[in-house]
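Visitor: Supplied in structure tokens, the structure appears directly below.
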Amino acid sequence: MTNVLFAAISPKWKEYESPLRDAFAKAGLDDIDLRKDFAPEEVDYIVYAPNSEIQDFTPFTRCKAVLNLWAGVESVVGNDTLTQPLCRMVDHGLTRGMIEWVTGHALRHHLDIDYFLNHQDGTWEHRVPPLARERPVTILGLGELGTACAKALTDLEFPVTGWSRSPHDIEGITCLHGADGLETALSGAQILILLLPLTAETEDLLDAERLALLPHGAVLLNPGRGPLIVDEALIAALDSGQVAHATLDVFRAEPLPVEHPFWAHPGVTVCPHIASATRAITAAEVIAENIKRGEAGQPFLYLVDRERGY
Ligand SMILES: O=CC(=O)O
């Protein structure tokens, strides 16, 4: 018997129980006991979300892997009690959701949709938007999500520049890396999209100095992580017009406190961390595949590099 502990916040159990059971059956994993509670020393795998009650992994002495339900692992990767392998979520449903959110919000600004929504006043103004090929977009982060969004925007003919920590080579995308690369990536970005993991190196990356490198009037989309941006610097950049609009899906504190100036700022659209979510059916297949691999002694998919932090 392989014991799988489901350790995400409780309402998720309803959403995940039957997709997980179906995925285990489909993967030929017939001998699984899936439950919300076990004695820690009996657990073989933990299906985990960082808002779980488990913060001390020490008692999970026979646990073979912690399988994160989220793409981001920043709140668990530094946990010193976690000595077991940690896998992040790469879920087809989450990726597709992110592509839709990013292209939708990029097109909102590219086509100036707000202008038309706000000018239903009888004035016939012939404002023709430029073509996508005339609107350079930069994506910071060329992981699973950043690359998928970069390709989708390239399909729409936006000229896309991607920046990441390590060098990448992706057809149709100008790939930059390193400090010089970041300057170039920012200075060409009429629309800037943040899809970096949150690590010690990426925290506060978008500070006043880097926001000043953007073309005046650039638009920012952040479906990545809140602390990538220095909030006060962004507000100053919005006030001066350096940044024309910021559509933010993630924040330093979530839910975003009602008194946070982002709520009332006319240049900000607040989304409640919905840019994309792990989808139970597709995520269950990834969990099942990883348990199958673990049981067969094969390497796990999407294993987190603890040093790198993602
Ligand atoms: O923010 C969502 C995730 O990390 O999957």
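Visitor: With only Lys, Arg, Asp and Glu charged, each at its Cβ (+1 for the first two, -1 for the last two), find how big the charge dipole of the range 1-131 is about the Cα centre; round to the nearest 20 debye.
Guide: About 220 debye.
Visitor: Given a 10 angstrom Cα cut-off, can you work out which residue in N51, N290, N222 is the most mobile in a GNM of the chain?
Guide: N51
Visitor: Follow-up question, since we're still on this one. Quick check on the chain: helices-only [θ] at 222 nm, where DSSP H runs of length 4 and up contribute -39,500 (n - 2.57) each and the sum goes over total residues. Nearest 500, please.
Guide: -9500 deg cm²/dmol
Visitor: Kindly provide the GluC sites (Glu not before Pro) of the range 1-73 that DSSP labels as loop, not H, G, I, E or B, and whose Cβ sees at most 13 other Cβ atoms within 10 Å.
Guide: E53
Visitor: Ok, one more. In debye to the nearest 20, how big a dipole does the chain give about its Cα centre with +1 on each Lys and Arg Cβ and -1 on each Asp and Glu Cβ?
Guide: Dipole of the chain, to the nearest 20 debye: 540 debye.
Visitor: Using all alpha carbons of the range 92-270, what is the percent of pairwise distances in each 5 Å bin, ordered from the shortest bin to the longest?
Guide: 1, 8, 17, 22, 21, 16, 9, 4, 1, 0, 0
Visitor: Taking 7 Å along the Cα-to-C-beta vector as the label spot, tell me the E183-N51 distance in nanometres, rounded to one decimal.
Guide: If labels sit at E183 and N51, their model points lie 4.2 nm apart.
Visitor: Ok, one more. Taking the 0 to 90 degree range and rounding to the nearest ten, how far is the long axis of helix 11-26 tilted relative to the main principal axis of the chain, both from C-alpha atoms?
Guide: On a 0 to 90 degree scale, this one is about 70.
Visitor: In the range 276-302, which residues have a backbone nitrogen under 20 Å from the label point lying 7 Å from S18's Cα in the Cα-to-Cβ direction?
Guide: Inside the label zone: 278-288.
Visitor: Calculate how steeply helix 280-295 sits against the longest principal axis of the alpha-carbon atoms of the chain, using the helix alpha-carbon long axis, and give the answer as 0 to 90 degrees to the nearest 10.
Guide: 50
Visitor: Now for a separate question. Mind listing which chymotrypsin sites (Phe, Trp or Tyr not before Pro) in the range 27-128 are in a DSSP loop and have 13 or fewer other Cβ atoms within 10 Å? Each step should come with its number before you reach the end.
Guide: Details: sites: F38, Y45, Y48, F57, F60, W70, W101, Y115, F116, W124; in loops: F38, F57, F60, W70, W124.
Those that pass, being in a loop and sparsely packed, are W124.
Visitor: Out of residues 5 or more away from T2 or on other chains, whose amide H comes under 5 Å of its own, with H placed 1.01 Å from N in the peptide plane?
Guide: I32, D33
Visitor: Which ³J(HN,Hα) values in Hz, rounded to whole numbers, follow from the phi angles of the range 193-203 under the Karplus curve 6.51 cos²θ - 1.76 cosθ + 1.60, where θ = phi - 60° and Gly and Pro get x?
Guide: With coefficients 6.51, -1.76 and 1.60, one gets 10, 9, 9, 8, x, 8, 9, 4, 6, 9, 4 Hz.
Rule-based calculations on the coordinates, nothing more; no lab input. No experiment lies behind these values; they were computed from the predicted model shown. Positions of Cβ are backbone-derived with ideal geometry, glycine not excepted, and every protein chain shown enters the neighbour counts.
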